[in-house]
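The values are calculated or read from the model by the stated rules, or taken from the named source; none is laboratory data. What you are looking at is a predicted structure, and each value in this text was computed from that prediction instead of being measured. Every residue, glycine as well, gets a Cβ built from its backbone with ideal geometry; the counts of neighbours run over all protein chains shown. Only protein heavy atoms, including side chains, enter the accessible area calculation; ligands, DNA and RNA are left aside. Shrake-Rupley method; radii C 1.70, N 1.55, O 1.52, S 1.80 Å.
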Amino acid sequence: MRITEEQKAKIDSLSCERLSSNLDNKAAIQLVSNKQNPNLVSYLQGPAWDEDARGENAFYLVKDQKGNILYFFAIKTGLLIENLNLEKLNAASEFLDKFKKYTAPETSQEDKTVLEGELRDLIKRYGFDIAQIITLNKKKNRLRSELAKEPNQNVNRVLETHSAVELCIFCANDACREEAKPYSFGHKMGVIVFWRFVLSQLLKLRRIAGCEYAYLFAADQTPDGFLVNYYKKQLHFAQDIQLGTSKPSYDYNCFFLCQTLEKLHSCRTKFFEEFNKMESEDMV
């Protein structure tokens, strides 16, 4: 059953405020704590204010009507890439050559059987689809010649780029866990905050600038991958092996996850449509 008007009104009574937009926040953030993520709290209480004021990072505080900070998060623009893989370019050409032989009328059935196995192997190994194979093959010669012309060694030439926004920080305030409970309605409070407030800010960004993906680096040191699984199952992020980005030194031990904003938008709709699941639905 979808979220009720009363539940929606309760959640909507929370506010989402830019950190440096209210001078009172300077004192309020000093009361924030999180035992599992003390470094994020230190960042909020340290350089975050100036970074937010300068517009380098956008920090947000999710508060109740009494001004208690329940959650805080930060976002900034970024970029996702598909790396230029010369081996993959060559494999695309190899695939087309083999496919031409496979479809040629003079090719024997015995040779077709061998070629079919080789074609399947190339698809499995490189994750090809037919459209991608044709595109890569067309680009191959041009890309090879242009790679040698790049004068700036700090410019990384890639196959494709995708506009994106990074969720840099997403953290609860342990000091207000009890105050947050009335707003969760049986869900994890972080899930409520993400779908209602974090994603809302990401979609606002998409309205004024091109933005296809959201991504994050999950600092998960647990043996069972608890945090990564949380982002995957609860917030619908994924580990896309075709996409990547630049990883700063402080995120070296973190896991890269991403998802399209279009997909997240549809997942949010489904979440609120199924907000109040019946017991019989949970048993299916």
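Criterion applied to SER184, SER200 was being out of contact with any Asp or Glu (no Cβ under 8 Å at 6 or more places or on another chain), farther than 26 Å from ASN39 by Cβ and open to solvent by less than 30 Å² (accessible area, probe 1.4 Å), and the one residue passing it is SER200. Restricting attention to the stretch 91-115, the residues that are over 19 Å from PHE128 (Cα atoms) and either of a type in the set (Lys, Arg) or within 37 Å of the chain's Cα centre (by Cα) (or both) total 1. The sole residue among LEU136, LEU115 that is assigned to a helix (DSSP H, G or I), modelled with pLDDT of 85 or more and surrounded by 14 or more Cβ atoms within 10 Å (Cβ to Cβ) is LEU115. Against the criterion of being in contact (Cβ under 8 Å) with a residue 24 or more places away in the chain, open to solvent by less than 70 Å² (accessible area, probe 1.4 Å), assigned to a helix (DSSP H, G or I) and within 17 Å of LEU79 (Cα to Cα), LEU205 qualifies. Note on the stretch 223-232: among residues that are open to solvent by 60 Å² or more (accessible area, probe 1.4 Å) and farther than 16 Å from LYS188 by Cβ, the one that is modelled with the highest pLDDT is ASP224. Taking the criterion of being in a loop (DSSP other than H, G, I, E, B) and surrounded by 14 or more Cβ atoms within 10 Å (Cβ to Cβ), the residues of the stretch 241-275 that qualify are LEU243, THR245, CYS254, PHE275. Being charged (D, E, K, R) and under 14 Å from the mean Cα position of the chain (by Cα) is the requirement here; does ASP240 meet it? Answer is yes for this residue.
Inside the stretch 209-222, residues that are surrounded by fewer than 16 Cβ atoms within 10 Å (Cβ to Cβ) and under 16 Å from HIS162 (Cα atoms) make up a count of 3. Take the conditions open to solvent by 30 Å² or more (accessible area, probe 1.4 Å), outside any strand (DSSP E or B) and either in contact with a strand residue (DSSP E or B) (Cβ under 6 Å, 6 or more places away or on another chain) or more than 14 Å from VAL165 (Cβ to Cβ) (or both) and apply them to HIS236. Does it pass? Yes; evaluated as a whole, the condition is true for this residue.
Taken over the stretch 187-197, residues that are farther than 22 Å from ASP251 by Cα, in a helix (DSSP H, G or I) and open to solvent by less than 70 Å² (accessible area, probe 1.4 Å) amount to 6.
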